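Engineer: A single structure is presented below for examination.
The values are calculated or read from the model by the stated rules, or taken from the named source; none is laboratory data. Given the structure is predicted, the values throughout are model-derived calculations rather than measurements. Quick reminder, even Gly has a Cβ in these numbers, built from the backbone with ideal geometry, and neighbours come from all protein chains shown. In case anyone asks, the SASA skips ligands and DNA or RNA and just uses the protein heavy atoms, side chains included. Shrake-Rupley method; radii C 1.70, N 1.55, O 1.52, S 1.80 Å.
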Amino acid sequence: MCGIAGFTGNSNDKLLDKMLNSILYRGPDDCGKYIKKDEINLCHSRLSIIDLKTGKQPLETSNCIIIFNGEIYNYIELRTDLENKGYVFKTKSDTETIVACYEIYGLEFLHKLNGMFAFAIYDKIKKKLIISNDPFSIKPIYYTIIKNEIIFGSSIKAITAHPNFIKKLNKKALRETIQFRYSLSGETLFQNIKKIKSGETIIWDNNKKSLRKFFYN
């Protein structure tokens, strides 16, 4: 497995390092960061499975940047289709296949993916952050919104590492977890930290500082 995390707003390299350190256990083989000054901050810890040499993340194209945890089972078929449409790949990774699908098909690309995944794509042109989870929520991804900025990560620890997050117990989720061993409402044990649901995608507009959600499956 890999780990992903990030936040919008003011650049803070030390904070990004702190968030990265909280997810390093998820991917011991490599790690990387991407900072677009006072706009987007992303980090990734990698467990290398596909494209060991050139599959480093974050992966950047001319229009987008992506961090990804999971595996796309049909990436070879998708790659062939995208190459036939004129897309030129720089790597052999399934990660690049995701972002290539987005650039060619827009949000319809979600219906083409077969796999287990949690990923974040930042569209540098539209200034939008797209975070998506697979239909079975195999790879967890969490987020919160504080002071008109979004913070997210594969681990809740990545979010609680942010200095603007104030830890408060979610008593409702605690009661449900004690009684049923999980939260019936799908809430986390921290107030204001939400888990992206199965088959859910959220889009953060970094200009308008607004959030949109939808289910694609």
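Engineer: Regarding residue 23, is this residue modelled with pLDDT under 95, of a type in the set (Val, Ile, Thr) and closer than 25 Å to residue 156 by Cβ?
Structural biologist: yes
Engineer: Okay, moving on. Out of segment 40-76, which residues are modelled with pLDDT of 95 or more, open to solvent by 30 Å² or more (accessible area, probe 1.4 Å) and within 16 Å of the chain's Cα centre (by Cα)?
Structural biologist: Result: 60, single match.
Engineer: Another question, then. Take the conditions open to solvent by less than 90 Å² (accessible area, probe 1.4 Å), of a type outside the set (Gly, Ala, Ser), assigned to a helix (DSSP H, G or I) and within 24 Å of residue 36 (Cα to Cα) and apply them to residue 151. Does it pass?
Structural biologist: No, not satisfied.
Engineer: Within segment 77-105, can you find the residues that are farther than 21 Å from residue 118 by Cβ and either in a loop (DSSP other than H, G, I, E, B) or of a type in the set (Val, Ile, Thr) (or both)?
Structural biologist: Within segment 77-105, 80, 85, 86, 87, 88, 89, 90, 92, 104 meet the criteria.
Engineer: Okay, moving on. Which condition breaks for residue 137 when tested against (1) modelled with pLDDT of 95 or more; (2) over 25 Å from residue 33 (Cβ atoms); (3) surrounded by 14 or more Cβ atoms within 10 Å (Cβ to Cβ)?
Structural biologist: So the condition that residue 137 fails would be (1).
Engineer: For segment 106-134: of the residues being in a helix (DSSP H, G or I) and surrounded by 16 or more Cβ atoms within 10 Å (Cβ to Cβ), which is farthest from the chain's Cα centre (by Cα)?
Structural biologist: Checking each candidate, the answer is 112.
Engineer: Quick check: is even one residue across segment 140-151 within 19 Å of residue 62 (Cβ to Cβ) and in contact with a strand residue (DSSP E or B) (Cβ under 7 Å, 6 or more places away or on another chain)?
Structural biologist: The answer is no; no qualifying residue exists.
Engineer: Take segment 77-104 and flag every residue that is farther than 21 Å from residue 124 by Cα, in contact with a Ser or Thr (Cβ under 7 Å, 6 or more places away or on another chain) and surrounded by fewer than 20 Cβ atoms within 10 Å (Cβ to Cβ).
Structural biologist: 92
Engineer: Still on this structure: Which residues, taken from segment 77-105, are among the acidic types (Asp, Glu) and either within 19 Å of the chain's Cα centre (by Cα) or on the phi > 0 side of the Ramachandran plot (or both)?
Structural biologist: 94, 96, 103
Engineer: Of everything in segment 53-76, what is in contact (Cβ under 8 Å) with a residue 24 or more places away in the chain and either in a helix (DSSP H, G or I) or among the aliphatic types (A, V, I, L, M) (or both)? Give them in sequence order.
Structural biologist: Scanning segment 53-76 gives 59, 65, 66, 67, 72, 75.
Engineer: Could you list, in sequence order, the residues of segment 160-217 that are in a helix (DSSP H, G or I) and open to solvent by less than 100 Å² (accessible area, probe 1.4 Å)?
Structural biologist: 160, 172, 173, 174, 176, 177, 180
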